[in-house]
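Heads up: the structure comes next, in structure tokens.
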Amino acid sequence: VWDYSTNQLIYQSGIITASPLLSLLIDEENKQIITGCAEGQLWIFSLISDHNYRCVAHINLKKEQEKFCNKLVLLTFLGEGQNNSKPCKTDNMRPEGSVETSLPILLIEHCDFFVCFHNEGSKYSSQNTSYFWIGTSTGLLIINLANFELEAFLSYKDYSNLSIRIARTCALTTKAANGKVLCLITSMFEDMIAMLEVNLAALVRTQHRDFLLRGNRKSLSVVARKHHVFKLCKIIYFNSKNIMLKKKVNYFTTGVKNTVKDKPLVFHNKIKSSGYTAAPRMTMFSPNSNLKKKEVSKWKTSCKCKNKEYPLESYPPIKYKKEISVTYKPTPIFCVRYSGDGELLACGQADKTVLIFNSNLTDVHNVFSGHDGAVNSVGWSHDRKWLISSSEDRTLRVWSVCNKEPALILGKEKFRKTVRFAQFYFIDTFILLCSGAEFHLLSFHLDTTKDDLKRYKQRSVCKLVQKFPMTSTMEITSLSAVNEFYSYIVLTAGSNRALEVFDLNAGCSTAVIKEAHIRSVHQICQNKGSSFSTQQPEAYNLFLTTASGDGIKLWDLRTLR
């Protein structure tokens with residue numbers, strides 16, 4: 001806490017949490033500071049001079065959200081009085097319990113709560129308390145500072161026409177216009193933002209006790225929340241090209257109703273319609289295919305100089321060119337992986353080390369040691385500057401090719417079971433790995449600089465974005481995802497002999513092939529294509545090959561959609 005007039009530090013706290021603090025708000029009316037972290041924890045500190053900035057409340061939003069959703073399920077069941085069936089958890093009542101997220105608090109903002117009820121004889125209008133919006137990666141929450149309980153919860157997954165399921169950032173209007181609040185969210189995976197128009201009063205009423213219990217009265221019927229909640233929010237999409245154009249027509253002013261109509265927007269004759277009534281853009285990557293013929297010919301000739309193609313009319317190789325011993329005594333090699341340019345080869349060994357050779361096996365480029373168990377997987381980054389390794393000791397390490405010290409270490413406390421199939425994903429934006437029956441999506445930042453006073457302290461950071469469990473299996477036996485271009489498809493195979501397709505942009509499983517093989521699948525291979533092709537990269541994701549004890553199979557993903 002700083003004194004702005006004197007530029008002096010007044011108060012400095014100790015370390016509040018191991019997770020980074022992402023959001024902060026000063027509540028001037030109640031003289032409080034509210035801050036939230038990446039793990040869904042909320043702290044409220046008092047600014048009253050006699051309180052010495054002490055923490056007056058600590059809220060676990062994960063637990064509060066679960067408690068609130070359980071209450072909604074119970075009240076809805078009681079409201080359906082005549083229904084004798086037991087209450088069941090639905091996706092529209094609460095987030096999917098099978099997927100664990102870190103629930104980062106992206107935004108804390110004042111909620112114009114009483115303005116939305118000023119024309120009604122509601123009990124809310126007589127209360128003397130403050131309400132705040134909490135924006136997370138999976139939805140919006142309204143919290144009551146009088147009792148620190150949730151008043152309403154809006155999940156992005158409840159809206160089938162909203163393709164953004166996991167938000168990277170969000171923003172809210174502080175003042176409600178005609179009882180509605182505008183919310184802007186950006187996608188974690190796509191170059192897309194969406195604007196939501198939230199009817200605050202309707203959202204609170206549909207999740208209020210009196211409204212949900214109305215079903216017990218014979219003269220009134222309960223409005224199904226599954227259909228009603230979709231009317232609370234209006235969704236408008238933008239792509240990266242249309243953002244600047246829509247700002248020119250004052251898209252974010254209070255007169256948004258007059259500028260947004262149920263027809264496509266056209267700015268002038270040279271630009272095609274960019275109206276929000278069109279389907280949202282789902283393509284994450286589209287290469288530049290409008291190259292001139294001269295450029296394409298130069299491109300192809302340069303590729304032929306760098307890459308030698310294997311002649312199709314020749315027989316497969318049966319003689320090896322060179323053989324070397326990696327250690328002084330026989331040691332199993334569990335995994336090998338070429339770098340993207342084919343210049344380096346990484347080997348993960350049973351003696352807990354990772355060796356990097358030149359592609360012609362003439363020289364050992366580097367040796368990485370530090371794992372306490374056999375290295376079961378290695379993977380290269382897209383820029384070939386980093387190498388990732390996982391081990392039977394339940395740890396993951398990221399190495400710089402030019403440095404023997406690991407840039408990032410994730411220890412045993414992060415994973416319950418052995419870490420396998422670690423790789424970079426989404427052109428080095430994320431890390432994917434498997435542990436038991438689920439795979440983890442991690443965001444990271446690598447920093448190899450050292451502080452002389454804290455030379456042993458790791459400066460690189462990594463946090464969990466989401467966990468994705470595979471259906472009805474004890475362990476994931478293989479995982480495949482593309483890092484060479486933007487793709488949100490992840491393929492997994494399990495000990496139950498099934499093959500499952502995940503769409504990380506939607507944040508869920510999209511297809512399951514039961515009994516893909518007679519035995520468990522131990523290898524999935526995707527056609528990742530050539531970086532010199534002018535075709536659409538999505539075409540490379542249409543086919544995949546799986547290998548098991550009963551043979552090799554080729555799958556067409558287009559038949560699974």
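The values are calculated or read from the model by the stated rules, or taken from the named source; none is laboratory data. Keep in mind that what you see is a predicted model, and the values were worked out from it rather than measured. Here Cβ is always computed from backbone atoms with ideal geometry, including for glycine, and neighbour counts include all displayed protein chains. Heads up: the accessible areas ignore ligands, DNA and RNA and are worked out on the full protein's heavy atoms, side chains in. Shrake-Rupley method; radii C 1.70, N 1.55, O 1.52, S 1.80 Å.
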Quiz item: Only one of these conditions is not met by ASP503: (1) closer than 19 Å to SER187 by Cα; (2) acidic (Asp, Glu); (3) touching a residue at least 60 places away in the same chain (Cβ under 8 Å). Which number is it?
Solution: (3)
Quiz item: within 26 Å of GLU475 (Cα to Cα) and in the same structural domain as CYS462 (by the TED database) - does that describe any residue in region 356-369?
Solution: no
Quiz item: Of these, LYS463, LYS417, which one is open to solvent by 60 Å² or more (accessible area, probe 1.4 Å), assigned to a strand (DSSP E or B) and not assigned by the TED database to the domain that holds GLU190?
Solution: LYS463
Quiz item: Pairs, please: C-beta under 9 Å, at least 6 apart or cross-chain, first residue on the phi > 0 side of the Ramachandran plot and of a type outside the set (Phe, Trp, Tyr) and in region 434-447, second open to solvent by less than 10 Å² (accessible area, probe 1.4 Å) and part of a strand (DSSP E or B)?
Solution: GLY436/ILE476
Self-check item: Selection count where residues are buried (at least 19 other Cβ atoms within 10 Å of the Cβ) and within 17 Å of ALA437 (Cβ to Cβ), scope region 483-495
Solution: 5
Exercise. Test each condition in (1) in a loop (DSSP other than H, G, I, E, B); (2) at pLDDT 85 or above; (3) over 24 Å from SER155 (Cβ atoms); (4) in the same structural domain as LEU172 (by the TED database) for ALA18 and report the one that comes out false.
Key: (2)
Self-check item: Filter result (under 24 Å from ARG397 (Cα atoms), modelled with pLDDT under 85 and in contact with a Leu (Cβ under 8 Å, 6 or more places away or on another chain)) within region 313-360
Solution: VAL326, SER359
Quiz prompt | Number of the condition not met by ILE431 [criteria: (1) at pLDDT 90 or above; (2) surrounded by 14 or more Cβ atoms within 10 Å (Cβ to Cβ); (3) assigned to a loop (DSSP other than H, G, I, E, B)] | solution = (3)
Quiz item: Could you say whether any residue in region 494-507 is small (Gly, Ala, Ser), modelled with pLDDT of 90 or more, not assigned by the TED database to the domain that holds GLU190 and not in a loop (DSSP other than H, G, I, E, B)?
Solution: yes
Quiz item: When you look at ASP447, is it over 21 Å from the mean Cα position of the chain (by Cα) and surrounded by fewer than 21 Cβ atoms within 10 Å (Cβ to Cβ), yes or no?
Solution: yes
Exercise. Within region 469-482, track down each residue that is open to solvent by 20 Å² or more (accessible area, probe 1.4 Å), of a type outside the set (Asp, Glu) and within 27 Å of TRP380 (Cβ to Cβ).
Key: THR477
Practice problem: Grab the strands (runs of 3 or more DSSP E) fully contained in region 148-214, keeping just those with 1 or more residues being surrounded by fewer than 17 Cβ atoms within 10 Å (Cβ to Cβ). | Solution: 149-155, 167-172
Self-check item: Which listed residue is in contact with a helix residue (DSSP H, G or I) (Cβ under 7 Å, 6 or more places away or on another chain), assigned by the TED database to the domain that holds GLU149, within 14 Å of LEU107 (Cα to Cα) and touching a residue at least 40 places away in the same chain (Cβ under 8 Å), from LEU25, LEU61, LEU42
Solution: LEU42
Quiz item: Of the residues VAL1, VAL56, which is at pLDDT 85 or above and not assigned by the TED database to the domain that holds LEU150?
Solution: VAL1
Practice problem: Hey, could you check region 328-343 for residues that are outside any loop (DSSP other than H, G, I, E, B) and open to solvent by 70 Å² or more (accessible area, probe 1.4 Å) and say which is farthest from ASN360 (Cα to Cα)? | Solution: PHE334
Quiz item: Does any residue of region 395-409 turn out to be assigned to a strand (DSSP E or B), without any contact (Cβ under 8 Å) to a residue 24 or more places away in the chain and either open to solvent by 30 Å² or more (accessible area, probe 1.4 Å) or outside the structural domain of GLY494 (by the TED database) (or both)?
Solution: no
